[in-house]
Structure formats: structure tokens, C-alpha cells
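Enquirer: This is the structure I want to talk about, given as C-alpha cells.
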Amino acid sequence: MSLPPRAPRWLPGGHLQTIWPALVGRRRLAGAVRYRRERWATPDGDFVDVDFALANPPAAGAEARPAAEAADCTRRPVGSRLGRRRMVMFPGLEGALASHYAIAFAIEALARGWDFALPHFRGCSGELNRAPRAYHSGDFEEVGWMLARLRARAGTPVLAVGVSLGGNALLRWAAESGAEAAACTAALAAVCAPVDLSASGHALGQGLNHHVYARMFLRTMKPKALAKWAQHPGLFDRERVARARSLHAFDDAFTAPVHGFAGADDYWARASSAPHLARIRVPALALNARNDPFVPPSSLPRPGVVGPCVELWQPSHGGHVGFAAGAFPGELGRLPAAVCDWLAARA
């Protein structure tokens, strides 16, 4: 299965295709999956929370969807046919268990008989973390540490999905790991990842993007940052964070200095996955709608620069992690079904 080139007629434009699934999907899917939470101690004395979906019987009439034909890629890892597949999802900016896409992917994974795990980035599981740091778009070392633990538990390489910020961080990890990534993951998918953080960051600072999405993110990010300052006074310039009215200003005042970058521009340049995609040595899908308000189409990678293990899906429609399908009010199963088909064919 692949995603259709056009969205339903009743849902036109990238903004509606982004906002409607997020608002409606969260309400419609709430409570559809039950989880068990584990708290893991990190090497730096902090913690991350990881949620594991509890298997539920699939809804009446639900069936595992057939896998698409596999495409060739160098050095594909082979996992145990006797073990259950495990999908690991890294969420987007401020994403968490209740995000509509997380619930939709969990439902799809469980319907296929897969295990599903969602590690939360620090500070996104409902409790402020303790260390003098948070998370960021290029946090590939943290991603690698979590993947290694989950792979050890699964007993075989996992299937990994990163959404938006989590997708960029996952691609950065795969590029940094090279051929060694195959020890942890059989295949990975980055959904609506802002692979050029500068292009996406500046896009989110303009017009409707600034007034809707940037303000939404800052509404939770700024209080967390100020709480972090209360934990660690002097960690950054508190007044600059309090005055921040854009993601660039916030990253310049908080994300960059807290995580060792010279400023927002340095952070966006060094954390972006786009310059490193040719180094990926495991099967990787990079899926971006060309009408995504967060990701300008001019910033998307081209086939000639990504390397043989990276497949690009760039449909005309879908918005940012939207891809609603069917009659009003729409259903959100097409995106996870298409991504899971792709992953299963390469595992």
C-alpha cells in the first residue's frame, strides 16, 4: 500500500489536512490503546519514560494488511522469524502518548500482532526531567541509547518510526551509525521529518504558521524551560526565554545553549539530517507531503542525494502528519498502514 496523491475533497489544503486529524483524531482515538509504563534511568542520572502498548483484540473486521513487495537495499538485516516484531516510535516536538499519530500507529501495530513501544523524549511524559538538559531535533545519541535497550529486550532488530522532530533525530542516528545501525533496527521510517531545520524553522516563523503552530508549541515549551531554570538557576538567560515569541528566539535562548550549540542557527545546521542522508546503511523511508506547512517543499531531499538505502515518498497532499482518508469525518489508518507495509516488506 502507498499513500494516495490527493486528499479527500472535503479536506483541502495543507493547513486543514494538518489541523483536522490532530484535533478530531485525538478525540476519536482517545482510550483506544492501553499502556504499561516503565521508567528508565539514563546514563547521566536522569530518566526517560517508555510506554508499552498492551495487546488488545483487533476491532471487528480488522485484519493485518499484506506487505508490499520488498525493494533491494544493501546489507539488509535478518531477524528471527519466531520472535514478535516490535515497533518503536519517536514522537514529534512536544509529542506524547496522546498524540493522534501515536495512537493510530499503535492501533495498526497491534492489529498486525506487533509489539509497540513509545519512548518519550525528556520532559514530554508528564513530568519534568531532572538533568540540566531537555531534548532537541538532533538528539541522536539519546535515540541510539533507547533503541539499543529496546532491541536487547526484543531479541531481534526492531522497526523504528520517527515523526516530525523524532523523524529527523532518527535519521541523524541512522546516518551517524552507518552499517552498525542494522544491529538495532531492521528498517526505519521518518514521517514528515523537517530534515532541513533552518528551512522549517523559518517557515514556522511566518504568517499563519507563526500565529497557529509556533504559538501552540511555545505554549508548552516555555513553561517547561522556565521550570528547568528553577531547577538549575543560571542554566540559560531566563529573561530571553520569557520574551521569546518565535521558535528561532526560543531555540537561540534555550535549546541551543542548554545542549551545547552556539545559537539557533548553529543548532539548526548541525542537527539537520538532510546533509547526512547518503550515509544511511539500513532501509529507510522518508515520507513528506509536499503541502506540509512545517516543511517547505524546496527543502525536501532529492533522489540523487540520499543514497541507495533511502526511499523518498513525497505525495502532493497530506499536510503535517495528517493524511486523513475516506468520507467525512475521515479516518487516520492509511498513514500507519502504508508505513507499516513498507517496514514489514523490508524486515
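The values are calculated or read from the model by the stated rules, or taken from the named source; none is laboratory data. None of these values were measured; they are calculated from a predicted model. Here the Cβ positions follow ideal geometry from the backbone for every residue, glycine too, while neighbour counts run over all protein chains shown. Ligands, DNA and RNA are excluded from the accessible area calculation, which covers all protein heavy atoms including side chains. Shrake-Rupley method; radii C 1.70, N 1.55, O 1.52, S 1.80 Å.
Enquirer: Quick check on the range 258-267. Is at least one of its residues in contact with a Gly (Cβ under 9 Å, 6 or more places away or on another chain) and within 30 Å of Leu159 (Cβ to Cβ)?
Expert: yes
Enquirer: Okay, next question. From the list Ala193, Ala199, which residue is under 27 Å from Arg334 (Cα atoms) and among the small types (Gly, Ala, Ser)?
Expert: Only one candidate passes the filter, namely Ala193.
Enquirer: Additional query: Please work out which residue is nearest to the chain's Cα centre (by Cα), limiting yourself to the range 230-246 and to residues that are closer than 19 Å to Phe261 by Cα and open to solvent by less than 70 Å² (accessible area, probe 1.4 Å).
Expert: The qualifying residue nearest to the chain's Cα centre (by Cα) is Ser246.
Enquirer: Tell me which residues, restricted to the range 3-37, are loosely packed, with under 14 Cβ neighbours inside 10 Å, under 30 Å from Ala148 (Cα atoms) and either small (Gly, Ala, Ser) or under 20 Å from the mean Cα position of the chain (by Cα) (or both).
Expert: Step one: list which residues in the range 3-37 are loosely packed, with under 14 Cβ neighbours inside 10 Å, which gives 5-6, 9-10, 12-13, 23, 27, 30-32, 34, 36-37.
Imposing the further condition that a residue be under 30 Å from Ala148 (Cα atoms) reduces the set to 30-32, 34, 36-37.
Listed by number, the residues that qualify are Ala30, Gly31, Ala32, Arg37.
Enquirer: Search the range 305-346 for residues being open to solvent by 50 Å² or more (accessible area, probe 1.4 Å) and closer than 23 Å to Ser177 by Cβ, and hand back the single one that is modelled with the lowest pLDDT.
Expert: For the range 305-346, the residue satisfying everything is Val305.
Enquirer: So, in the range 210-226, exactly how many residues are farther than 16 Å from Ser164 by Cβ and open to solvent by 20 Å² or more (accessible area, probe 1.4 Å)?
Expert: Total meeting the criteria: 8.
Enquirer: Condition test on Gly263, is it within 20 Å of Ala131 (Cα to Cα) and out of contact with any strand residue (DSSP E or B) (no Cβ under 9 Å at 6 or more places or on another chain)?
Expert: On the way: within 20 Å of Ala131 (Cα to Cα): no; out of contact with any strand residue (DSSP E or B) (no Cβ under 9 Å at 6 or more places or on another chain): yes.
Criteria not met by Gly263.
Listed here are the residues, each with its yes/no results for (1) among the small types (Gly, Ala, Ser); (2) buried (at least 24 other Cβ atoms within 10 Å of the Cβ); (3) without any contact (Cβ under 8 Å) to a residue 60 or more places away in the chain.
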residue	(1), (2), (3)
Asp115	no, no, no
Ala134	yes, no, no
Ser137	yes, yes, no
Trp145	no, no, no
Arg149	no, no, no
Ala152	yes, no, yes
Ala160	yes, yes, no
Ala179	yes, no, no
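Enquirer: Condition test on Glu108, is it surrounded by 24 or more Cβ atoms within 10 Å (Cβ to Cβ), of a type in the set (Asp, Glu) and in contact (Cβ under 8 Å) with a residue 40 or more places away in the chain? If you could, list the steps in order and put the result at the bottom.
Expert: Values: surrounded by 24 or more Cβ atoms within 10 Å (Cβ to Cβ): yes; of a type in the set (Asp, Glu): yes; in contact (Cβ under 8 Å) with a residue 40 or more places away in the chain: yes.
Yes: the conditions hold for Glu108.
Enquirer: Within the range 38-83, take every residue that is part of a loop (DSSP other than H, G, I, E, B), at pLDDT 85 or above and open to solvent by less than 60 Å² (accessible area, probe 1.4 Å) and give me the one that is nearest to Arg112 (Cα to Cα).
Expert: The extreme case among them is Thr42.
Enquirer: Tell me yes or no: at least one residue of the range 312-319 is closer than 24 Å to Arg86 by Cα, assigned to a strand (DSSP E or B), of a type in the set (Phe, Trp, Tyr) and out of contact with any Asp or Glu (no Cβ under 6 Å at 6 or more places or on another chain).
Expert: Yes, the range 312-319 has at least one match.
Enquirer: Of (1) surrounded by fewer than 24 Cβ atoms within 10 Å (Cβ to Cβ); (2) of a type in the set (A, V, I, L, M); (3) farther than 20 Å from Lys224 by Cβ, Leu128 satisfies all except one. Which?
Expert: Here Leu128 meets the rest and fails (3).
Enquirer: With respect to Ala256, determine if the residue is among the small types (Gly, Ala, Ser), free of Cβ contacts under 8 Å to residues at least 24 places away in the same chain and assigned to a helix (DSSP H, G or I). Working first, answer last.
Expert: Numbers: among the small types (Gly, Ala, Ser): yes; free of Cβ contacts under 8 Å to residues at least 24 places away in the same chain: yes; assigned to a helix (DSSP H, G or I): yes.
Criteria met by Ala256.
Enquirer: Looking at the range 274-295, is at least one residue in contact with a helix residue (DSSP H, G or I) (Cβ under 9 Å, 6 or more places away or on another chain), open to solvent by 10 Å² or more (accessible area, probe 1.4 Å), closer than 19 Å to Thr185 by Cα and assigned to a loop (DSSP other than H, G, I, E, B)?
Expert: Yes, that holds for at least one residue.
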